[in-house]
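The values are calculated or read from the model by the stated rules, or taken from the named source; none is laboratory data. Just so you know, these numbers come straight off a predicted model, no measurement behind them. Note that each Cβ is placed from the backbone with ideal geometry, even for glycine, and that neighbours are counted across all protein chains shown. With ligands, DNA and RNA removed, areas are computed over all heavy atoms of the protein, side chains included. Shrake-Rupley method; radii C 1.70, N 1.55, O 1.52, S 1.80 Å.
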Amino acid sequence: MDQSVQRLMDWLTAQANETIVIDKQEMNDLDTVHFTLDTVDYRNADDVIDEYLDSALILRGSGSTLNRDGELVPLPQQNYEIAVSGLHLDAVDDSKVELRTERAKYSISTS
């Protein structure tokens with residue numbers, strides 16, 4: 001596992017049993033997710049049969065996102081994936097981490 005991935009995983013693990021706010025910007029789309037984090041797992045792309053699955057951090061817990069009307073609606077699954085291909089940590093402190101991947105830019109903070 002890449003050192004940046006391990007550092008992000010350690011930061012997320014320290015937030016277990018807390019609610020975090022994940023802002024994800026992908027192209028011109030910004031999604032905000034409020035997620036109560038239970039555990040964090042790592043999926044290595046080399047260990048999966050499906051070739052379309054990248055290495056990722058799997059956040060397990062429950063969450064909700066803002067819909068177009070500004071209402072919080074539950075996520076359809078009890079997990080949230082952050083693909084870690086090309087991960088670069090821009091900033092890390094006790095209450096917030098900012099990162100970029102090949103797919104998106106994230107800001108994750110404690111609420």
Within the range 93-108, the residues that are open to solvent by 30 Å² or more (accessible area, probe 1.4 Å) and not basic (Lys, Arg) are Asp93, Asp94, Ser95, Glu98, Glu102
* To do: Report yes if some residue within the range 60-69 is more than 16 Å from Leu30 (Cβ to Cβ) and aliphatic (A, V, I, L, M); otherwise report no.
  => no
For the range 71-92 the number of residues that are more than 14 Å from Phe35 (Cβ to Cβ) and open to solvent by 80 Å² or more (accessible area, probe 1.4 Å) is 2
Within the range 63-111, the residues that are without any contact (Cβ under 8 Å) to a residue 40 or more places away in the chain and among the charged types (D, E, K, R) are Arg68, Asp69, Glu71, Glu81, Asp90, Asp93, Asp94, Lys96, Glu98, Arg100, Glu102
Report task. Please verify whether the range 40-54 includes one or more residues that are within 12 Å of the chain's Cα centre (by Cα) and either farther than 17 Å from Gly86 by Cα or at pLDDT 95 or above (or both). Result -> yes
When Asp10 is run through (1) modelled with pLDDT of 95 or more; (2) surrounded by 13 or more Cβ atoms within 10 Å (Cβ to Cβ), the failure sits at (2)
Residue set Gln25, Gln15; condition polar (S, T, N, Q), under 14 Å from the mean Cα position of the chain (by Cα), modelled with pLDDT of 95 or more and within 22 Å of Glu102 (Cα to Cα); output residue Gln25
Among Ser55, Ser85, Ser64, Ser4, the single one that is in contact with a Leu (Cβ under 8 Å, 6 or more places away or on another chain) and more than 19 Å from Ser111 (Cα to Cα) is Ser4
